[in-house]
Amino acid sequence: MSETEHDEPEVTQTQSAPQGPGNGIGGLAQSIGARNLWIIILTMPAVFLVAVAAIIAIFGKPKGAEDAEPVAAIEEDVVAEAVEDLPDTIAVPMQAAPGAIALDGDRLAVRLDGPDGVVIVIYDIAKGEEIMRVPLAPAAE
């Protein structure tokens, strides 16, 4: 034996795919196969729709869904009743200009911009009377 020879067997190195965050999707496609991955991606929504249809077929519609009125029909009834209950007039001072209006149940709030400043007037629509006046003062600087 000479000095350059070794008793150890020769080791050959093979290249493997680098492991790391940049190899996520490509590594997945290589492990399952790109064709199989596309099949999975394209059929998943169909499987979901079939599952939802099966759940509805087995368990039926939620209780109370048959008795519910359409929203438009409810709104028409509410608006018709509210218009009938409105008083004929709401008192607004002569030189005041109505601004923003908000309705909450039987209460109506109206912003009045007049010569004396800004006032918010709250009316009770059911009784047809003014409940409260809230004067607004300019903010101090």
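Worth pointing out:
- Residue pairs meeting the criteria (Cβ under 9 Å; at least 6 apart or on separate chains; first within 15 Å of Glu130 (Cβ to Cβ), in the range 92-103; second among the basic types (Lys, Arg) and surrounded by 10 or more Cβ atoms within 10 Å (Cβ to Cβ)): Pro98/Arg111; Ile101/Arg111
- Flag if Val52 is at pLDDT 90 or above, aliphatic (A, V, I, L, M) and either under 30 Å from the mean Cα position of the chain (by Cα) or not in a helix (DSSP H, G or I) (or both): yes
- The single condition from (1) surrounded by 10 or more Cβ atoms within 10 Å (Cβ to Cβ); (2) modelled with pLDDT of 60 or more that Pro87 fails is (2).
- The set of residues from the range 9-49 being modelled with pLDDT under 60 and in a loop (DSSP other than H, G, I, E, B) comprises Pro9, Val11, Thr12, Gln13, Thr14, Gln15, Ser16, Ala17, Pro18, Gln19, Gly20.
- Strands (runs of 3 or more DSSP E) (entirely within the range 93-140) containing at least 2 residues that are β-branched (Val, Ile, Thr) and either exposed (fewer than 14 other Cβ atoms within 10 Å of the Cβ) or at pLDDT 85 or above (or both): 117-124, 129-136
The values are calculated or read from the model by the stated rules, or taken from the named source; none is laboratory data. It should be emphasised that the depicted structure is a prediction, and the values quoted were computed from it without experimental measurement. Here the Cβ is made from the backbone with ideal geometry for all residues, glycine too, and neighbour counts use every protein chain on show.
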